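Below is one structure; the comments refer to it alone.
Taken together, the values in this text are just the output of simple stated rules run on the coordinates, not laboratory data. This is a predicted model, so every value here is computed, not measured. Cβ coordinates were reconstructed from backbone atoms using ideal geometry, including for glycine residues, and neighbour counts include every protein chain displayed.
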Amino acid sequence: MTGRAQLIVALDVPDQERALQLVDSLGPDLDYVKIGMQLFYAAGPGVVETMLSRGLQVFLDLKLHDIPNTVYHAVAGLSGLGVEMLNVHCAGGSDMLEAAASAADGRTKVIGVTQLTSIDQLALNEELLVHGSLQDCVIHYGRLAQRAGLQGVVCSPQESAMIKREFGPEFAAVTPGVRFDEDDRGDQKRVATPARAVEWGSDYLVMGRPITQAVSPSRALQRAKRSMEVQQ
Ligand code: C5P
């Protein structure tokens, strides 16, 4: 993607009421939210409509991974909700990725999850039994995604520069694992600050807990946006 990077706040809360409280506490600087499994499974598709009616853009982070036919119909239904972006696991393979791209039919950006930012080199090799380096795996999955007609990948900010180099500026790097302090990783392993994520080429920065669990979520949101601005 060309243009300015966008900040997406992850609404990882248990129900719609708390999602709306969070949206209110984030204030007017909020323009893009991520609805993941926790909220979507609890609140249902109505929560998407609610966020859209508030003028927010929605990234639906359900990480679909199933046989091509099932993913095709799931993506067709979810695109109809009017979300800007949704994602599928690249590990589902090329046929599944092509099915997702064709079901979205240009209405919604379809993004491929490469490797979760909670997975490190050791887990990749010894638990998932995927050989080689994390970087090679991310590039390989990126190639599958681009060939299948997806609009970008979810990866770590540490991999954004590599994604841009390999796949060009129009192929989006969507990056969770963003932290104000790189030592404060929690369950994420491959993290970066907002400024670095932008510097390295991330197009969409996904931030959850560092903003939503801050004493003042609106100030944390402003802080993240300011630090992104410095790089653009
Ligand atoms: O709280 P935190 O900033 O770690 O939130 C990151 C968000 O991004 C979570 O909602 C998580 O589910 C999501 N995500 C991720 N890694 C991926 C894809 C999505 O952490 N590869």
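At-a-glance table
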| quantity | calculated |
| --- | --- |
| CD proxy at 222 nm, helix term only [per DSSP H run n ≥ 4: -39500 (n - 2.57); per residue of the chain; nearest 500] | -11500 deg cm²/dmol |
| Only Lys, Arg (+1) and Asp, Glu (-1) charged, at Cβ; the stretch 107-224 dipole about Cα centre in debye | 480 |
| Pair residue 120, residue 57: separation of 7 Å Cα→Cβ label points (nm) | 3.4 |
| Proxy reagent accessibility, fewest Cβ within 10 Å first, across 67, 211, 119 | 67, 119, 211 |
| Exposure proxy order (Cβ contacts within 10 Å, fewest to most) of 155, 137 | 137, 155 |
| Reachable lysines, given that their alpha-carbon falls under 19 Å from the alpha-carbon of residue 34 and they are not under 8 places away in the same chain | 63, 109, 225 |
| Relative contact order of the chain, defined on C-alpha pairs under 8 angstrom at six or more residues apart (%) | 20 |
| Calculated FRET efficiency for the pair residue 133/residue 161, C-beta based, R₀ 22 Å, to 0.05 | 0.90 |
| Sum of side-chain charges, residue 18 neighbourhood, beta-carbon under 12 Å (Lys, Arg +1; Asp, Glu -1) | -4 |
| Net lengthening on full extension, residue 21/residue 219 (0.36 nm per residue, minus Cα-Cα) | 69.7 nm |
| Only Lys, Arg (+1) and Asp, Glu (-1) charged, at Cβ; the chain dipole about Cα centre in debye | 460 |
| Footprinting exposure proxy for 118, 53, 227 (fewest neighbouring C-beta atoms within 10 Å first) | 53, 118, 227 |
| Most positive-pole-ward Cα, 156, 35, 169, against dipole of the chain from beta carbon charges | 169 |
| Gap separating the Cα centres of the stretch 217-232 and the stretch 50-129, nearest whole Å | 27 |
| Selected from 208, 106, 177 as most flexible by GNM, with the chain as the system and alpha-carbon contacts under 10 Å | 106 |
| Amide hydrogen neighbours beyond the local backbone of residue 10, cut-off 5 Å, H modeled | 34, 207, 208 |
| Whole-Hz couplings from phi, Karplus 6.51/-1.76/1.60, listed for the stretch 22-29; x for Gly and Pro | 5, 4, 4, 6, 7, x, x, 6 |
| Residue 187 paired with residue 231, simple spin-label distance in nm, labels 7 Å along Cα-to-beta-carbon | 2.5 |
| Interchain or long-range residues, amide H under 5 Å from residue 61's placed H | 35, 36 |
| Using θ = phi - 60° and Karplus 6.51 cos²θ - 1.76 cosθ + 1.60, couplings along the stretch 108-123 (whole Hz; Gly, Pro as x) | 10, 6, 10, 10, x, 6, 7, 10, 3, 6, 8, 9, 10, 4, 5, 5 |
